[in-house]
Amino acid sequence: MHTLDIDTVEMTLDVMKYAISRITNSAPDLGQPKKESELHALAGETITPEGIGGEKAFEIFRDVLVKATVPIDHPRHLAFVPAAPTRAAILFDLITSASSIHGAYWMEGAGGIYCENRAMDWLVSLTGMPKGAFGVFTSGGTAANLSAMVTAREACRKKKEANGEKGMILTSSGAHSSIKAMAKVIDADVHLVQTEDRMSGAQLESALYALPPEDRRRVFAVVATGGTTNAGIIDDLEGVARVCKQEGLWFHVDAAYGGGALAADSVRHLFKGIESADSVTIDPHKWLFSPYDCGAVLYRDPEQAREAHQQDGSYLDIFRDEGARGFNPSDYQIQLTRRLRGMPLWFSLATHGTDKYKWAVERGITLARESGEMIRNNPDLELVREPSLSCVLFRRKGWEPEDYTRWTYENHKAGLALVAPTKWPSGGGFETVLRFCFINPDTSESDVQCILDTLRD
Ligand SMILES: *Cc1c(COP(=O)(O)O)cnc(C)c1O
């Protein structure tokens with residue numbers, strides 16, 4: 001498998017040619033999903049005893065399969081949380097694979113982990129967490145939130161006499177779905193603090209005091225959101241920090257989406273209080289221009305994370321040997337064998353410098369503000385709320401939920417844009433509205449105008 005014959009050389013060149021043309025294409029076609037049976041009819045049998053050959057397999061991917069995917073970096077992909085990995089980061093993602101480094105332990109991964117740690121230094125500095133705070137890269141925000149919750153629960157068990165009761169986490173109604181999902185994994189209950197807008201310290205405090213005593217004593221952590229996924233709302237982190245301190249609760253900030261905005265001077269003040277967090281989640285694969293997948297979890301006191309996560313096994317003892325002493329990323333999150341996911345971010349940061357990151361994040365915020373103006377000046381449209389971070393929520397006057405769905409599919413089918421509706425609380429229920437989320441600095445004002453034009457009668 002490792003000898004390089006002429007076919008392999010040709011295939012390598014084809015793959016490299018494709019990679020170069022893809023990353024230099026800033027407006028790739030918006031692909032369309034197809035049924036699995038349709039794809040199978042087009043692709044045929046690909047896994048056979050003899051193999052179909054790299055050339056053929058690659059052709060099938062390039063000519064058929066990739067066309068059934070939506071490129072997340074299309075400048076008019078403004079649905080969900082899109083992405084825009086830098087070319088430097090994508091290239092280094094290839095290097096990360098080619099280098100075959102095990103990212104669990106310093107003994108095997110020292111040079112690669114060194115890269116990750118320099119990128120992590122920068123993330124920590126963005127939060128303003130105290131000296132000693134540090135973290136690790138994870139597969140995403142979900143894994144980062146889970147790793148933080150496991151650490152929080154273990155820290156709480158150590159502090160209080162464990163009595164076998166189920167733990168409880170308090171978070172806002174705007175929190176990401178992964179909080180509830182990961183609470184199931186650790187078998188904890190979640191109590192939602194109902195908030196229209198950002199969760200304040202006072203709201204958290206009254207929700208906590210309103211709990212019956214048998215529930216209140218089960219609460220071990222509060223999850224505040226540093227930029228809700230739906231609307232970019234940042235909870236009152238300072239107020240939440242104060243209540244957590246007063247009540248002795250773990251304070252986690254989920255800034256998976258919004259964390260990138262810590263780099264933006266224009267909005268940094270909105271995150272005041274994040275420096276007091278016990279743990280923070282940031283997804284470089286969302287607003288820090290890293291390829292999928294790359295999340296990060298930061299801890300005020302990494303030692304607590306190590307106590308919660310370090311795995312023991314006779315075959316692992318070698319990694320504790322004197323000669324192998326160093327930072328072991330696997331000791332601080334749920335995964336053992338791991339890809340060095342922070343390496344592409346490191347290379348891209350080293351290439352471009354942190355000012356370029358500031359600029360690129362500010363660009364998303366500017367696009368949101370300018371879109372807000374365009375919507376305000378359009379008689380058919382109405383802002384649902386002022387744009388926050390890079391999220392814009394707005395309604396098309398007179399439209400029913402079906403109109404929004406139809407419009408989304410039409411624009412996608414036409415290869416014009418991917419913009420999806422969302423729901424927003426209204427009159428005790430939920431209203432279907434439109435949502436833009438800007439990440440890609442290559443998106444232009446005319447891209448936005450071109451989408452808004454399709455909302456005319
Ligand atoms: C996206 C997101 C997550 C989940 O992150 P994944 O990387 O998709 O696992 C968690 N919290 C928030 C606020 C998010 O925006």
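Taking region 4-28, which residues are part of a helix (DSSP H, G or I), of a type in the set (Asp, Glu) and either open to solvent by 60 Å² or more (accessible area, probe 1.4 Å) or more than 20 Å from Thr69 (Cβ to Cβ) (or both)?
Listed by number, the residues that qualify are Asp7, Glu10.
Run down Arg198, Arg216 and say which single residue is open to solvent by 20 Å² or more (accessible area, probe 1.4 Å), within 16 Å of the ligand (Cβ to nearest atom) and of a type in the set (D, E, K, R).
Of the residues listed, the single one that is open to solvent by 20 Å² or more (accessible area, probe 1.4 Å), within 16 Å of the ligand (Cβ to nearest atom) and of a type in the set (D, E, K, R) is Arg198.
For region 29-45, name all the residues that are open to solvent by less than 50 Å² (accessible area, probe 1.4 Å) and modelled with pLDDT of 95 or more.
Of everything in region 29-45, those that are open to solvent by less than 50 Å² (accessible area, probe 1.4 Å) and modelled with pLDDT of 95 or more turn out to be Leu39, Ala43, Gly44.
Results for (1) within 14 Å of the ligand (Cβ to nearest atom); (2) within 24 Å of Phe92 (Cα to Cα); (3) part of a helix (DSSP H, G or I), shown as yes or no for each residue.
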{"site": "Ala261", "(1), (2), (3)": "yes, yes, yes"}
{"site": "Ser266", "(1), (2), (3)": "no, no, no"}
{"site": "His269", "(1), (2), (3)": "no, no, yes"}
{"site": "Thr281", "(1), (2), (3)": "yes, yes, no"}
{"site": "Pro291", "(1), (2), (3)": "yes, yes, no"}
{"site": "Ala296", "(1), (2), (3)": "yes, yes, no"}
{"site": "Glu303", "(1), (2), (3)": "no, no, yes"}
{"site": "Ala308", "(1), (2), (3)": "no, no, yes"}
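Listed here are the residues, each with its yes/no results for (1) out of contact with any Asp or Glu (no Cβ under 8 Å at 6 or more places or on another chain); (2) within 24 Å of Val15 (Cβ to Cβ).
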{"site": "Phe92", "(1), (2)": "yes, yes"}
{"site": "Glu108", "(1), (2)": "yes, no"}
{"site": "Trp122", "(1), (2)": "yes, no"}
{"site": "Thr127", "(1), (2)": "no, no"}
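Sort through Val243, Val253 and tell me the only one that's of a type in the set (A, V, I, L, M), at pLDDT 95 or above, open to solvent by less than 20 Å² (accessible area, probe 1.4 Å) and within 30 Å of His77 (Cβ to Cβ).
Exactly one residue qualifies, and that residue is Val253.
Among the residues of region 161-169, are any within 16 Å of the ligand (Cβ to nearest atom) and in contact with a His (Cβ under 9 Å, 6 or more places away or on another chain)? Explain how you work it out, then say what you get.
As a first pass, look at region 161-169 and keep what is within 16 Å of the ligand (Cβ to nearest atom): 169.
Restricting the remaining residues to those that are in contact with a His (Cβ under 9 Å, 6 or more places away or on another chain) gives 169.
Yes, some residue in region 161-169 is within 16 Å of the ligand (Cβ to nearest atom) and in contact with a His (Cβ under 9 Å, 6 or more places away or on another chain).
Report yes if Thr366 is polar (S, T, N, Q) and touching a residue at least 24 places away in the same chain (Cβ under 8 Å), otherwise no.
So Thr366 does not fit the description; no.
With the condition kept exactly as written, say whether any residue in region 175-189 is under 16 Å from Asp283 (Cβ atoms), in contact with a Phe, Trp or Tyr (Cβ under 9 Å, 6 or more places away or on another chain) and within 15 Å of the ligand (Cβ to nearest atom).
yes
Please give the number of the condition Ile439 fails out of (1) over 26 Å from the mean Cα position of the chain (by Cα); (2) buried (at least 19 other Cβ atoms within 10 Å of the Cβ).
(1)
Take Thr48 and decide whether it is polar (S, T, N, Q), surrounded by 11 or more Cβ atoms within 10 Å (Cβ to Cβ) and farther than 22 Å from Glu445 by Cα.
no
When you go through (1) open to solvent by less than 30 Å² (accessible area, probe 1.4 Å); (2) over 26 Å from the mean Cα position of the chain (by Cα) one by one for Leu389, which number turns out not to apply?
(2)
The values are calculated or read from the model by the stated rules, or taken from the named source; none is laboratory data. In this text, all values refer to a predicted model and were calculated from it rather than measured experimentally. Glycine also receives a Cβ, built like all others from the backbone with ideal geometry; neighbour counts cover every protein chain displayed. Accessible surface is based on the protein model in full, side chains and every heavy atom, while ligands, DNA and RNA are left aside. Shrake-Rupley method; radii C 1.70, N 1.55, O 1.52, S 1.80 Å.
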